[in-house]
Amino acid sequence: MAEILIKGVAKSFGSFTALHSIDLTIADQEFMVLLGASGCGKTTLLRIIAGLESPTQGEVWIGGKRVDQLPPRERGIAMVFQNYAVFPHLTVYENIAFGLRMKKLPQAEVDTRVKRTAELMHIEQLLKRYSGQLSGGQRQRVAVARALAMEPDVILMDEPLSNLDALLRLEMRAELKGVLANSKTTTIYVTHDQVEAMSLADRISVMNGGHIVQAASPVEVYRNPAARFVGSFIGNPPMNFLPAARNGDGRYQVAGIALDGPSSGGAKLEFAIRPEDLTIAAGGLKATARVIEPLGAHTLVTSEVDGKLFRAVLDSDLKVAPGDELSLVPKPDRVRWFDPETTRAVN
Amino acid sequence: MNSKTLPYLLLAPATIFLVVFFLWPFLQIAWLAFTTEGGFTMQHFQTMAGNWKFWPTFWNTVILAAIVVPLQLVMALAMAQVVAKLKTTRNTILYIFTIPLGLSDLAAGIIWLAIFEQSGFLNSMLVGLGVVDKPILFLGYQNLWVIFIAVILAELWRATAIVMVILVSGMGLIPKEYYEAAEVFGAGPWKRFVKVTLPMLKPSIQTAMILRTIAAFEVFAVVVALGGTTLPVLVGETFNWQFALNDRNVAAAFALVILAISIAATLVFLRVLRTPKGATL
Ligand SMILES: Nc1ncnc2c1ncn2[C@@H]1O[C@H](COP(=O)(O)OP(=O)(O)OP(=O)(O)O)[C@@H](O)[C@H]1O
Ligand SMILES: [Mg+2]
């Protein structure tokens, strides 16, 4: 059992605040992804959980024990580093065995565990090599095997796939998901790649500027962004936004059409819709097509609505040319609204 | 210019320098040591080895090196660890540690003589504190081991910093991530030192050990300052045969012995502290 509790964790480097009072609970055996743009504090939060950095404020609990004053080795964690940190002076075998030897496990046990995890990561034929004789992908596998061999309560990973080429990344991603699901560990995984986050996570914590903006399941984060940032960060292409103002009969005026808005909304709101939730029909938003990008099954149409950039993912049967006038109707149940002041979602 | 010849051209000045100032004198020395009136002979080596002072001289030199160099390694590792951990005062401390490097070995010997001689600091202090009634003759021929210790102290004081400087720069090259990985995987400070610092510092340790051991075999001025001829060492004897006994051939034989043990030590360090293929950063 290793539930992770993060209570009011803040971190400052001198006058710069990297994390503002983070609260987060990660359930036992959950796969939590920390997702956010570069510099938003993902690594800092992960390192605080690992004990490689101490929080300026707040508490970290792992498996019911407060750990923020403990050194990393007493926290029951294992970590996969971004640059792998596979020891160059040790063979693959000794790298995987490193933590086990520190725990003073008997040699037979070390041997079983090294062989088992090496097999799991498909590196059993590399055990005698040094890391200088491995490819990036193989080194990555060693780093994961070293963490798994510890049979830790918690595995922390900082962008473990970011140094691999696209194809290898895809392969490792699927493999990691399978291996970690079977290992019954709680996983915290840092990435700035939203596709990776979506495909791996039980829950995603979207971070921005040292805050956690939303922590929810991948579909929830995608469908119901809690804040404008989430909608604009997640999804490729991201959400479309247009200003909206309440008119006399309580509906919202969006670029020339009136839509039913949230009952609790103020006089001004921001209308949001995902590009794939638009259809061509009469009475929609008037758009002027600018760029047409056929993507096979769909065509991405970048247009202008009311002078603002607006994207639609449409069926590729549709014939459009730059300069065409389109009428784009948003699917009513997919329309989202944000408060322009707080940028939070309004329901 | 052809890119194949360029490297050779760039190496040429250094090569010429080495040939003129090292290889040529070496050949001359070898010639002196192995010939008599134009013919090959082992006679000079026999003279050298037959002299009653040869083996004590040889062992004095080797034992001095065998004590000084490992001590210097241990001390330099400790000092480098301290310096590498410092953030703000790092450079100041580094400069202070390296001050003795700026002194010639003779000056260093004289400084330690000023401490140990009969009217030196140590005696003044002992008398002043009432530990002894009258100054003690520390560096007399009856107390060979005191001279030995004095030489060791002087050498430690004088030349440990160079080892430290090499180690500090080597430590700076070890990526922080390896320490963090070791820490996460259960290594405390001592284990991190043994399992990460030491193995990853091996190339620097190798360099430092080779440099220091060769220098230790050439110890001379410090010994002369502290012990005169009471504690004979190889370079001292070389000097003696060349200038006091006017036998350049035997002096050359001594020089070759120093060269031989230096090469032997270098080979040992290259072998023992080698890095396996693929095990580099
Ligand atoms: N040791 C440090 N000293 C000062 N500032 C730091 C330090 N470590 C991180 N920061 C700052 O804290 C912020 C968050 O850094 P962090 O490494 O957590 O970002 P990240 O989300 O992991 O980014 P990336 O995706 O680029 O790895 C950054 O603005 C960074 O400059
Ligand atoms: Mg990072």
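Results, tabulated for the structure shown:
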read-out	value
³J(HN,Hα), Karplus 6.51/-1.76/1.60, whole Hz, each residue of the range A:292-309, x for Gly, Pro	10, 10, x, 10, x, 5, 10, 10, 8, 10, 9, 10, 10, 10, 6, x, 10, 4
Cα centre as origin, Lys/Arg/Asp/Glu Cβ charges: chain B dipole, Debye	1060
Net length gained if the chain between B:LEU156 and B:GLN46 were fully extended (0.36 nm per residue, minus Cα distance)	36.2 nm
Top of B:PHE54, B:PHE40, B:PHE116 by mean-square fluctuation, Gaussian network on chain B, Cα under 10 Å	B:PHE40
Stokes-Einstein D for the range A:237-346, Kirkwood Rh over Cα pairs, 37 °C, 0.692 mPa s (µm²/s)	230
Scattering curve values for the range B:158-281, log₁₀ I(q)/I(0), Debye with Cα scatterers, q = 0.13, 0.14, 0.17, 0.22 Å⁻¹	-0.69, -0.75, -0.92, -1.23
Within straight-line cross-link reach of A:LYS286, lysines at Cα separation under 21 Å, skipping those fewer than 8 residues along the same chain	A:LYS268, A:LYS308, A:LYS319, A:LYS331
Built amide H within the under 5 Å cut-off of A:VAL80, gap 5+	A:LEU156, A:MET157, A:ASP158
In the B-A interface, the accessible area buried, summed over both sides, Å² (probe 1.4 Å)	2200
Net dipole in debye of the range A:4-229 [+1 Lys, Arg Cβ; -1 Asp, Glu Cβ; about Cα centre; nearest 20]	340
From phi via Karplus (6.51, -1.76, 1.60), per-residue ³J(HN,Hα) for the range B:131-144 in Hz, x at Gly/Pro	5, 10, 7, 9, x, 9, 8, 6, 9, x, 6, 6, 9, 4
Net dipole in debye of the protein assembly as shown [+1 Lys, Arg Cβ; -1 Asp, Glu Cβ; about Cα centre; nearest 20]	700
For the range B:26-38, 3J(HN,Hα) per residue [Karplus equation, 6.51 cos²θ - 1.76 cosθ + 1.60, θ = phi - 60°, Hz, x = Gly/Pro]	4, 4, 4, 4, 4, 4, 4, 6, 9, 10, 9, 6, x
All aspartates and glutamates inside 14 Å of A:LYS42 as judged from Cα atoms, apart from same-chain residues fewer than 8 positions distant	A:ASP23, A:GLU53, A:ASP158, A:GLU159, A:ASP193
Ratio of Rg to Rh over chain B (Cα coordinates, Kirkwood Rh, two decimals)	1.05
Solvent-accessible heavy-atom area per residue, rounded to whole Å², over the range B:184-281 at 1.4 Å	45
Axial C-alpha extent at least 24 Å, average Kyte-Doolittle at least 0.0 - helices from chain A (DSSP)	A:166-183
Top positive-direction residue, dipole computed over the range A:260-318 with Cβ charges, set A:ALA289, A:LEU318, A:LEU278	A:ALA289
Beta bridges by DSSP in the protein assembly as shown, antiparallel share as percent, to the nearest 5	75
Zero-based 5 Å bins, Cα pair distances in the range B:1-41, whole percents	6, 21, 16, 13, 12, 10, 8, 7, 4, 2
The range A:106-175 shape via C-alpha gyration tensor axes, a/c threshold 1.5	oblate
Heavy atoms of A:HIS211: accessible area, 1.4 Å probe, square angstrom to 10	90
Kirkwood-based Rg to Rh ratio, the protein assembly as shown, C-alpha trace	1.18
Å² per residue, accessible surface of chain A at 1.4 Å	44
Estimated 222 nm signal from helices in the protein assembly as shown, with DSSP H stretches of n ≥ 4 weighted -39500 (n - 2.57), rounded to 500	-13500 deg cm²/dmol
Between the range A:150-166 and the range B:167-211, the alpha-carbon center distance in angstrom	24
At most 11 other Cβ within 10 Å, DSSP loop - trypsin sites (Lys or Arg not before Pro), the range A:240-312	none
Carbon/sulfur fraction of accessible area - chain B, other protein chains in place, 1.4 Å, %	71
In nm, spacing of pseudo-spin labels at A:LYS286 and A:LYS104 (7 Å Cα→C-beta vector)	8.1
Cα gyration tensor category, rounded, prolate or oblate, for chain A with a/c compared to 1.5	prolate
Over 27 Å (Cα to Cα) - which of A:LYS7/B:LYS195; A:LYS115/B:LYS191; A:LYS128/B:LYS195 fall in this group	A:LYS7/B:LYS195
Charge tally in the Cβ shell below 12 Å around B:THR229, where Lys, Arg are +1 and Asp, Glu are -1, B:THR229 excluded	0
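The values are calculated or read from the model by the stated rules, or taken from the named source; none is laboratory data. Predicted, not measured: the structure shown is a model, and the values here were computed from it. Using ideal geometry, Cβ is built from the backbone for each residue, glycine included, and neighbour counts are taken over all protein chains shown. Ligands, DNA and RNA are stripped out before the accessible areas are found, and what is left, the full protein with its side chains, is counted by its heavy atoms. Shrake-Rupley method; radii C 1.70, N 1.55, O 1.52, S 1.80 Å.
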